[in-house]
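**Q** Just dropping this structure here.
The values are calculated or read from the model by the stated rules, or taken from the named source; none is laboratory data. Here the structure is a predicted model, which means the values were calculated and not measured. Every residue, glycine as well, gets a Cβ built from its backbone with ideal geometry; the counts of neighbours run over all protein chains shown. The accessibility values were calculated without ligands, DNA or RNA, using every heavy atom of the protein model including side chains. Shrake-Rupley method; radii C 1.70, N 1.55, O 1.52, S 1.80 Å.
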Amino acid sequence: MIRVRQLIKSFGWPRIIIALFLLSLFIIAPMVGVKVSSSLSDTIARFGMNGIMVLAMVPMVHSGCGLNFGLPLGIIAGLLGGTLSIQFGFLGGSSFIMAVLLTTPFAVLFGFGYGKLLNKVKGGEMMIATYVGFSSVAFMCMMWLLLPYTSPTMVWGYTGSGLRTTISTEGFYLHVLNDFLKVQIGENFSFPTGMMLFFALMAFIVWAFLHTKTGTAMTAVGSNPVFARASGINIDRTRTLSVIMSTWLGAIGILVYQQSFGFIQLYMGPFYMALPAVSAILIGGASVNKATITNVVVGTFLFQGILTMTPSVMNSLIHTDMSEVIRIVVSNGMILYALTRKSEATR
Amino acid sequence: MNVLKETRGEKFFRVLEKNAVPILFLAICAIGIPFSGYSLNYLGQEVITRISRNSFLIIALLVPIMAGMGLNFGMTLGAMAGQIGLIFITDWGIGGIPGMVLAMILSTPISAFLGWMCGKILNMAKGREMVTSYIIGFFINGLYQLIVLYGMGAVIPIKSPALILPRGYGIRNTVNLISLRKSLDNIWAIKVFGLSVPVMTLIVIALLCVFIVWFRKTKLGQDMRAVGQDMEVARAAGIKVEHTRIVSIVISTILAGYGMILYLQNIGTLNTYNSHMQIGMFSIAALLVGGATVNRAGIGNVFLGVTLFHLMFIVSPMAGKNLIGQAQLGEYFRVFVSYGVITIALVLYEVRKRRDKARVGRLLAQDQTDVKEVK
Amino acid sequence: MKQPGAPLLEMRNISKDFFGNQVLADVNFTLSSGEILGLVGENGAGKTTLMKILFGMDIIHQTGGYGGEIFLHGKAVRYQSSFEALADGIGMVHQEFSLLPDFSAAENILLNREPKKSSPVSEVFGDRMDTIDRKSMQQKARTAIKKLGVELDPAMLVGQMPVGHKQFTEIAREISKDHIKLLVLDEPTAVLTEREADILLSAMRKLAEEGIAIIFISHRLQEVIDVCDTVLVMRDGRIIKDVPAAGLTIPQIARWMVGREVGEHPGRRAFNPEAQPVILSMKNLWVDMPGETVRDVTLDVHQGEILGVGGLAGQGKLGIPNGAMGLFPAGGTITFKGNAIPLNQPRRFLDAGMAFVSEDRRGVGLLLDESLDWNISFTAMQVQERFLKKYLKGAIKWRDEKQIQAIAKKYIDALEIRCTSFRQKAKELSGGNQQKVCLAKAFAVEPGLLFVSEPTRGIDIGAKGLVLQALRDYNSKSGTTIVMVSSELEELRAICDRIAIVADGRISGILPSDAESADFGLLMVGKQPDGSTEGGQG
Amino acid sequence: MARLSPSHRRHLFQLAAIVLILLLGVLMFFIGRQHTILLDNKTLEFEGKSYQAFSIVEVAVDRQERLELAARDRDKADVLGQRHVLSVWYTDKAFQEHELKVKFSVPVGQDMVLVSLPALVGGAPESVWLQPYFPPTAVAPPVSEEPVVVDDLGVIPVSF
């Protein structure tokens, strides 16, 4: 009994409620005529799409920079890489690889500057990260208009300059990962093996990094910065590194998202992309200063599961689509819960 | 002995940095106005309109700053309460000033409750009030949608077909406030140099300013300032810290609700699901443009901020069009500047906080060198 | 001056233990109106606890209350919170300022007791809507300042005041309260210049003449002798002396404070540090460590010795290792084995082969949320690249869990750390065992010189002995030089070869550990003992 | 009478304030209530009596602008509050111009009232010339989604 209680305590009530809610959705689904197989397939696909952006939270949480509300900055790096790859005329699988390669220098550069900034504002990272994300999105809105892109698939037809708000990835990297070794079971269920493998690869890289000397130092910086400093760790450098990693993962994350989604969304597209990722990792059991790969997997699955299941089930059940409201309440409620909890480290 | 020596150059930069944001905006406006091609008369009219429209909302931000809780991103809660009041009076067919007053009366308990809740939560998240209040805004927005989009017309009786969506429940995306439009502004509108001035609205705003000034002089205001400086010292002196903080948020939320009603009577249309979310961000940006910081803001900052921020806002699309040939660019520019100014203000605040801590060390080093020089 | 009649305050048989650890026993004293009582004693003698009991602080109730009785005007009192004590006219001025920098002196003096003018709004919203009567506030503040007899502008912002004026503001706040009868001043002169201190002392006499009793806690013994009517010397939770101040001398008091005579502790070992080469030398070190400011320390440490650094709290002894390591902003020069070590860079300090066990175990010493093996191996791994498997010619440095566990097990056995396994989280251990983990972490680096700061703070007696033994063994086995900072003189004398005493941010003297205890006492209060065995430096 | 303790007194004042605000709210509800007054210039037959429509008549509610009604015309005026003044300018058979001012109040809870001008001028009792009016409920008034009027702050997406 005590063990059960401890388990519940370590898992956290909000998480249990959310998990039970999702479970009940899956149980109700067949009763109201929603196909579980296609729902599950959708959930998995969305898991693959969003997983890496959720993973982008991990390095910054580990180094004590808090939740990466500045994810849009990484997404912008990804957008730059993606659009450049198309601009240079790469097609199919190669365009994805090029996008990843072209993204990397931007992500590193942005992450470096962002990390330096966050080092100046220790203690107030999250609010500032939010606004760094917002202002960079707004800044890039101007840039999308001004940058000398010429590819006819991307620029506005009538003016011949300035990028469109949405750009199709068809013919470029649409579904390059989704369709790689794809497993189709029956009519309604497909498993995007390539995308899941890619997610697994990224998760492995993060996991492996956390097992190296530098990764260990990063965890220590997040756990107790004074301890780390007293052990000769350069805290600022470690934090900057973690921010660069988070930014890069965010950039790769959006590329994976686009190849599955089919469109590159520019301008205000990335504006609120951080909040779903933040709430996903929190639902997975992370706190403001502790996060693991398991949190990412569990959280993304739960969050995306709710996102997929609520509209269809609720709609069939009460003929009202309240999924939007449920999503807003659940995700922001989760963030609030995390913010109001006393941080676990006894500092 | 505890004054840090600084050269004249250092002092100059310190003063410059302290007023960096207003100076930057002055520069933007100074460049933008000629390029926009707007007449001064037009701009003057716009500025007057916006002062009368927005300053009440911005003044609502002052109280939590006094209590050291930073910028109240949760003012959207008050805006929501104000909107709910407006929806009801529109449904009941109450218009004009009585409608405004009734909407305010209706919004007060809702604002007070939401503010109390917000304050309670912020007390649990001391040290990260701003990001928390920001998320509270989103969270309550979900509940607001639940009530307005699903509850109204279904559970809460709303009968006017002009309000309810064709499906039978939920409020439409836009609500026409025609019976309310400019009802306060038009009570006493005079022409000065060809500019129409809504005197009555300005009087209401002036009264609020008087209230703020008076409030600072009350015991509660004093307690808030004490709590804002150091919670522990205030607590040791017997001040109820948590309660004081909650009260400051409640006052701010109620005022924000009134401000929203004032704002919407000027606009004349309620954008049911958007207005409140935008208003928080723009009020905060305007206040910061006026030279306020996270821990210090006055009435002067409000009016300077409204003027400069909205001048920039009006001017930039046309200036962008005339300069580069793209109005869209100017639109994005002003969005960028709005967010940029909040970012800069937040960064400066944190940096200053850290530098103040480092100051003690520099003093000590200075003492050492002084001693050596004497030797 | 003592007056006849019922005493203002009487403490009878006060005793207090923290979970079996007796910190106060059988404390009895009386205090009359207008009397100034000097309360002196080493750190940990029980002064603070005694005052906490008087004020009914939460910490006392949370740890099981206290024994004995307190009488105020012959009436038994037992306060549940400091506000009750304040209501009865007992005020206290703490060592740390409790002031608001952006408020004026008057606003601070009357904080939460502001004179108010009622306004009609208050009838609905409560009396917090009353406006503050600035004029009468200014007036009341002026009266309080006048009572104190100092020059202080009530309109001046506290943030712009010199330290002395801040102190006066604090005291003015207490005496501005109505019916103030008893004032407790905890180290009020520590931050003052000599002139300011003189002003304060005369203010105290003035207050006493007006009938206010004062308990004056101070380490500056000359002041105590000058201003007090009675001196109360505490040691190990007991009152050792309760005598009139007239005619006392500093050495007398210092001896009472430090207590035990030579011979009560194990003598020093046969080791002459001075004969060894200097391994570490500090010159003009200053450290900005809040509450432990080091002003100007010059100190040489010899190869292989155990050097003790003692002194009263707040004098700066803790600042020395913290500054040397670079955890707090510091200046001056440090030379280790002939190489200058740059300050403010912990990494260079560690690279040079030094290690530091911090007094702040939970804040600095441990990763509370991580396992023991991480805690023990972390510094060695990061600084010396040990416990790592290297792949691709060292491009990838993988954590070697096996080695990490091995070293953790080794030290868990060697230091007898009580834990379920090396996987247990550091926060789950007891204080003593946490301390051993900190030592293990430092030992794992295999340092040439080890700074140990307050190694026995907050741990029980059994563990104390083990920790000290571990240090001594480590020194004799591996020849590591140890600099041990502690506020417990006895502990320093037990294992050190020499002991340096810090007073007012400077080294006031270095004595062999078997020197007269009274001499240590004198050094602690910043006085040079006559015919001292060794001259102080700095 | 025993003196009230300050907290008791305060509760009393608080209660009074709440009651006052509630009263204010009720007051606002009535004086701010919007009504539509339909002004009718049609021949009205009532209890055997016939009130002939004017060929032309001018009418104003409160201080609003004058409305000109030809025979069989109907117009409306939107007003706030219960009590109103109706001013009618008409020409009688003798081609004499007359001005008539009538005060009336809209029944509580009524959105629309119909005023028959011929009956009013013809001296019929109020219950005749002032009648409640219920719009035909079968037809919902056409509500077009008007273009959103906002100031230029509406450039930010507001939900994610």
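**Q** Spin-label point model (7 Å from Cα, Cβ direction): what's the A:Val32 to D:Ile56 distance in nm?
**A** So the two model labels end up 6.6 nm from each other.
**Q** What pairs from B:Lys353/C:Lys427; C:Lys146/C:Lys166; C:Lys317/C:Lys527; B:Lys18/B:Lys219 go past 27 Å between their alpha carbons?
**A** In this structure, B:Lys353/C:Lys427; B:Lys18/B:Lys219 lie more than 27 Å apart at Cα.
**Q** Which of the lysines could be linked to B:Lys182 by a straight reach, that is with a Cα gap under 21 Å, when you skip same-chain ones fewer than 8 residues away?
**A** B:Lys191
**Q** State the extension gain, in nm to one decimal, for the chain segment bounded by C:Gln222 and C:Asp127, taking 0.36 nm per residue of separation less the distance between their alpha-carbons.
**A** Result: 29.4 nm gained on full extension.
**Q** Stretch C:Glu210-C:Gln528 to full length: gain in nm at 0.36 nm per residue minus the Cα-Cα span?
**A** 110.8 nm
**Q** What are the lysines whose alpha-carbon lies under 25 Å from the alpha-carbon of A:Lys35, with same-chain residues fewer than 8 places away excluded?
**A** A:Lys182
**Q** Residues of the range A:198-230 with backbone nitrogen within less than 12 Å of a virtual label 7 Å along the Cα-to-Cβ line of C:Glu401, please, listed as ranges.
**A** A:211
**Q** At what distance in nm do the modelled label points of B:Asn19 and A:Arg341 sit from each other, each positioned 7 Å from its Cα along Cα→Cβ?
**A** For B:Asn19 paired with A:Arg341, the spin-label model returns 4.8 nm.
**Q** What is the spin-label model distance, in nm, from B:Lys191 to D:Lys49 if the labels are put 7 Å beyond Cα along the C-beta direction?
**A** Roughly 4.9 nm, to one decimal.
**Q** Packing-wise, with mean Cβ within 10 Å as the measure, how do A:197-209, D:89-101 rank, highest first?
**A** Going from most to least packed, we get A:197-209, D:89-101.
**Q** From the phi angles alone, apply the Karplus equation (6.51, -1.76, 1.60; θ = phi - 60°) to the range C:355-361 and give each ³J(HN,Hα) in whole Hz, x where the residue is Gly or Pro.
**A** In residue order, the calculated couplings are 9, 9, 9, 6, 6, 9, 4 Hz.
**Q** Computed FRET efficiency, Cβ-Cβ of D:Arg63 and D:Glu97, R0 30 Å: what is it to the nearest 0.05?
**A** Once rounded, the FRET efficiency stands at 0.90.
**Q** Hey, in the GNM for chain A with a 10 angstrom Cα cutoff, which one of A:Asn178, A:Asn289, A:Asn188 fluctuates hardest?
**A** Comparing A:Asn178, A:Asn289, A:Asn188 in the GNM, the peak value goes to A:Asn188.
**Q** May I pose another question? Ignoring everything except DSSP H segments at least 4 long, calculate the 222 nm mean residue ellipticity for the protein assembly as shown; use -39,500 (n - 2.57) per segment, divide by total residues, nearest 500.
**A** So the calculated ellipticity at 222 nm is -16500 deg cm²/dmol.
**Q** Tell me, what HN-Hα J-couplings in whole Hz come from the Karplus equation 6.51 cos²θ - 1.76 cosθ + 1.60 at θ = phi - 60° for each residue of the range B:46-54, using x for Gly and Pro?
**A** Along the range B:46-54, the couplings run 4, 5, 4, 4, 6, 4, 5, 7, 9 Hz.
**Q** Same structure, new question: Taking 45 Å as R0, compute the FRET efficiency from the Cβ-Cβ separation of B:Val199 and B:Leu323 and round it to 0.05.
**A** Given R0 = 45 Å and the Cβ-Cβ separation, E is 0.75.
**Q** Provide D:His84, C:His61, A:His319 ordered by accessible surface of protein heavy atoms (probe 1.4 Å), highest first.
**A** Listed by decreasing accessible area, they come as A:His319, C:His61, D:His84.
**Q** Taking a spot 7 Å from the Cα of C:Arg12 along the direction of its beta carbon, which residues of the range C:29-49 have an amide N less than 12 Å from it?
**A** C:29
**Q** Also, quick follow-up: For the full complex of protein chains and a 1.4 angstrom probe, list A:Trp248, C:Trp374 by accessible area with the highest value first.
**A** A:Trp248, C:Trp374
**Q** Let me ask something else about it. Can you tell me which lysines have their Cα less than 18 Å from the Cα of C:Lys75? Leave out same-chain residues fewer than eight positions away.
**A** Reachable lysines: C:Lys181.
**Q** Here's a follow-up. In whole Hz and in residue order, list the ³J(HN,Hα) couplings for the range B:80-95 that follow from phi through the Karplus curve 6.51 cos²θ - 1.76 cosθ + 1.60, θ = phi - 60°; x for Gly and Pro.
**A** Result, rounded to whole Hz: 4, 4, x, 5, 4, x, 5, 4, 5, 5, 5, 5, 7, x, 9, x.
**Q** Under 5 Å between amide hydrogens, which residues at least 5 positions from D:Thr43 or on another chain qualify, with H placed 1.01 Å from N in the peptide plane?
**A** Residues meeting the criterion, in which the H sits 1.01 Å from N, are D:Ala53, D:Arg72.
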